[in-house]
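**Student:** Quick one: structure below, then a few questions.
The values are calculated or read from the model by the stated rules, or taken from the named source; none is laboratory data. Not measured: the values here are computed from a predicted model. Cβ placement follows ideal geometry from the backbone for every residue including glycine, while neighbour counts extend to all protein chains displayed. The protein model used for the area step is the full one, side chains on, heavy atoms only, and it has no ligands, DNA or RNA in it. Shrake-Rupley method; radii C 1.70, N 1.55, O 1.52, S 1.80 Å.
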Amino acid sequence: MSRPSHPYAGDGSHTTSYYAASANPAPERPVLQGDHEIDVCIVGAGYSGLSTGLHLAEKGYKVAIIEGARVGWGASGRNGGQIVNGLNASLQTIKRRYGQDTATFVAGLVQEGGEIIRERVRSYDIKCDLKDKNIFTGLTSAHMRELEERMKLWESYGIKNQEMLDKDQLRAHVNSDLYAGGMIDHSGGHMHPLNLALGEAAAFEQNGGTIYEMSPVTGVDHEAARPVVRTDKGTMTCKTLVLCGNAYLGHVVPELAPRVMPVSTQVMATEPLGEDLAHELLPSDACVEDIRYILDYYRLSGDKRMLFGGGTVYGGADPRDIEAKLRRNMDKVFPQLKGIKITHAWSGNFALSFSRVPQMGRIGDNTYFAHGYSGHGVTGSHTFGRILSEAIDGDLTRFDVFANVPWYPFPGGRMLRVPYSVAGSWWYGLRDRLGI
């Protein structure tokens, strides 16, 4: 029997990533066929959809997730695997734009996503190479001042898991001459992102949830009293609909398309480095990202490969040669890796909002959505999934705070959002190079 085909994912196979090559065994789920009804229907089997679905299934709701390709096919199965606390927009930016109350509210939940991940891994025995600690590195004195200010700001909100590292102290974690210093977040961490998604999907099904794969959504009627999701081969009518397609929802729901822009980022994996070289490069096995506007991020895998990511392509296009794009930066950070073999290189999209603040809301009376994590989706999606489940269960307290945060369109609309963002990245990249 021939496998179903997806308009942009082909047969739904995961991209040519190290994660796909080292994924835990997972079943192929059925295609949605025929007409069905359910309490809650979720579109998208990435972290947002899986988090929302698992929370609701644990509460006793009957939930179905409809996925266009395979579980974790999008950003949730391709990302850098870093548990980084906070949003893309800083607490200071949120305070300036939306007021002290909103900043205090956000500060109260910036560590929640990592806590949810650890609880899921522990409760459901998810095998995903979960490790502790992440480090932010600075290349200039201006970067170090920024990190110092960030730590003091977070401390003012009662978040005291961070510690400044001078150049010598940083070497106990990152053995590179490139950096002026850094800051460690002891409550951060990293893991195998696709295996986390697959484990959460299995947990969802253990709690009575149903997942349909290879069922791209062709239309949504969210104005109906009971929303309807349509695919080529079936429909799902529900009491409550949750849209979690993020960068891969496309234009299926026109009201949401202008709110975010797909942005591509790239990752590559080296061959296994061996225990000695791996320990020499990253002695504490923490994950790392620098704080430039277009940043490098990297960590060790469970089998001691260097997973090195970075780069940005606005609009979501894949670069022609990912290894060439990333290799020069990796060699700058770790000259010891010059000539090391790259075994996997891949690209994936995240959804960027203009404000860099993720968006949560409702269209119609019974349709919810969450998207726009702007590169901080590993933790943000898990938190938003819990908040969405609270709202559907009748507690709108936290949902309403995010739903009432204003969103802003990209200047010039869809036609100009890419060139506008490219110009902005050029400007901030220049500031990084000048150290200002």
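**Student:** Please identify the DSSP H helices in the chain that span no less than 15 Å along the helix axis (Cα) and have a mean Kyte-Doolittle hydropathy of -0.5 or more.
**Tutor:** Numbers: long enough: 47-58 (16 Å, 0.17); 112-124 (18 Å, -1.05); 141-156 (23 Å, -1.21); 193-206 (20 Å, 0.39); 322-333 (17 Å, -0.92); 377-392 (22 Å, 0.39); 413-434 (31 Å, -0.31).
For the chain, where a helix must reach 15 Å along its axis and average at least -0.5, the hits are 47-58, 193-206, 377-392, 413-434.
**Student:** Would you work out which of Ile116, Phe204, Ile94 lies farthest towards the positive end of the dipole of segment 74-210, given +1 charges on the beta-carbon of Lys and Arg and -1 on that of Asp and Glu, about the Cα centre?
**Tutor:** The Cα lying farthest towards the positive end belongs to Ile94.
**Student:** Next question. Convert each backbone phi in segment 60-75 into a coupling constant with the Karplus relation 6.51 cos²θ - 1.76 cosθ + 1.60 (shift: θ = phi - 60°), then list the ³J(HN,Hα) values in order as whole Hz, x for Gly and Pro.
**Tutor:** x, 6, 8, 10, 10, 10, 10, 10, x, 10, 10, 3, x, 5, x, 4
**Student:** Sticking with the crude label model, points 7 Å out along Cα→Cβ, report the distance from Asn175 to Ser13 in nm, one decimal please.
**Tutor:** My value for the distance between the label points is 3.8 nm.
**Student:** Once label points are set 7 Å from the Cα along Cα→Cβ at both Gln206 and Arg145, what is their separation, rounded to one decimal in nm?
**Tutor:** In this crude spin-label approximation the distance works out to 5.1 nm.
**Student:** Over 25 Å between C-alpha atoms is what I'm after, so list which of Lys167/Lys341; Lys95/Lys239; Lys127/Lys338; Lys167/Lys332 land there. Write down the numbers at each step before the final one.
**Tutor:** On the way: Lys167/Lys341 29 Å; Lys95/Lys239 36 Å; Lys127/Lys338 32 Å; Lys167/Lys332 16 Å.
Over 25 Å apart, Cα to Cα: Lys167/Lys341; Lys95/Lys239; Lys127/Lys338.
**Student:** Calculate the length of the line joining the C-alpha centroid of segment 267-291 to that of segment 211-228, in whole Å.
**Tutor:** Segment 267-291 and segment 211-228 have Cα centres spaced 42 Å from each other.
**Student:** With the crude spin-label approximation of a point 7 Å out along Cα→Cβ, what separation in nm comes out for Glu58 versus Lys127?
**Tutor:** Placing both labels 7 Å beyond Cα along the Cβ direction yields 2.3 nm.
**Student:** Let me ask something additional. What is the percent carbon and sulfur in the accessible area of segment 229-288, measuring with a 1.4 Å probe over the protein chains and ignoring ligands?
**Tutor:** Details: 1070 of 2090 Å².
Answer for segment 229-288 is 51 percent, counting heavy atoms of protein chains only.
**Student:** With every protein chain kept in place and ligands, DNA and RNA left out, what is the accessible area per residue of the chain? Probe 1.4 Å, answer in Å².
**Tutor:** Numbers: 17810 Å² over 436 residues.
Result: 41 Å² per residue.
**Student:** Near Gly208, within a Cβ-to-Cβ distance under 13 Å, what is the net charge of the other residues, with Lys and Arg +1 and Asp and Glu -1?
**Tutor:** Details: positive: Lys59, Lys62; negative: Asp39, Glu58, Glu205.
Result for the neighbourhood of Gly208: -1.
**Student:** Quick check: the distance between the Cα centres of segment 190-206 and segment 28-101, to the nearest angstrom?
**Tutor:** Result: 12 Å between the Cα centres.
**Student:** Please identify the cysteines of the chain that lack any partner cysteine with a Cβ under 4.7 Å from their own Cβ.
**Tutor:** Flagged as lacking a Cys partner: Cys128, Cys244, Cys287.
**Student:** Which of the listed residues, Tyr297, Gly311, Cys128, is farthest toward the dipole's positive end in the chain, when Lys, Arg count +1 and Asp, Glu count -1 at the beta-carbon?
**Tutor:** Checking the options against the dipole of the chain, the answer is Gly311.
**Student:** In what sequence, highest mean first, do 270-279, 59-68, 388-397 appear when ranked by Cβ atoms within 10 angstrom? Don't skip to the answer; put the middle values down first.
**Tutor:** Working: 270-279: 15.4, 59-68: 22.5, 388-397: 17.2.
Averaged packing, sorted descending, gives the order 59-68, 388-397, 270-279.
**Student:** Expected output is a single nm value to one decimal: the length gained when fully extending between Arg96 and Asn161, i.e. 0.36 nm times separation in residues minus the C-alpha distance. What is it? Don't skip to the end; give the middle numbers.
**Tutor:** Values: separation 65, 0.36 × 65 = 23.40 nm, distance 2.40 nm.
Gain on stretching Arg96 to Asn161: 21.0 nm.
**Student:** Suppose every Lys and Arg Cβ carries +1 and every Asp and Glu Cβ carries -1, with no other charges. What dipole size does segment 29-137 come out with about its Cα centre, to the nearest 20 debye? Please list the in-between numbers first.
**Tutor:** On the way: 14 positive and 12 negative charges, 90 e Å.
The dipole magnitude comes to about 440 debye.
**Student:** Then there is this: Keeping the other protein chains in place, figure out the carbon and sulfur percent of the accessible area of segment 61-115, with a 1.4 Å probe. Provide the component values of the computation, followed by the final result.
**Tutor:** Numbers: 820 of 1810 Å².
Heavy-atom surface of segment 61-115 belonging to carbon and sulfur, 1.4 Å probe: 45 percent.
**Student:** Between Arg226 and Lys332, 0.36 nm times their residue separation minus their Cα-Cα distance comes to what?
**Tutor:** Values: separation 106, 0.36 × 106 = 38.16 nm, distance 5.54 nm.
Result: 32.6 nm gained on full extension.
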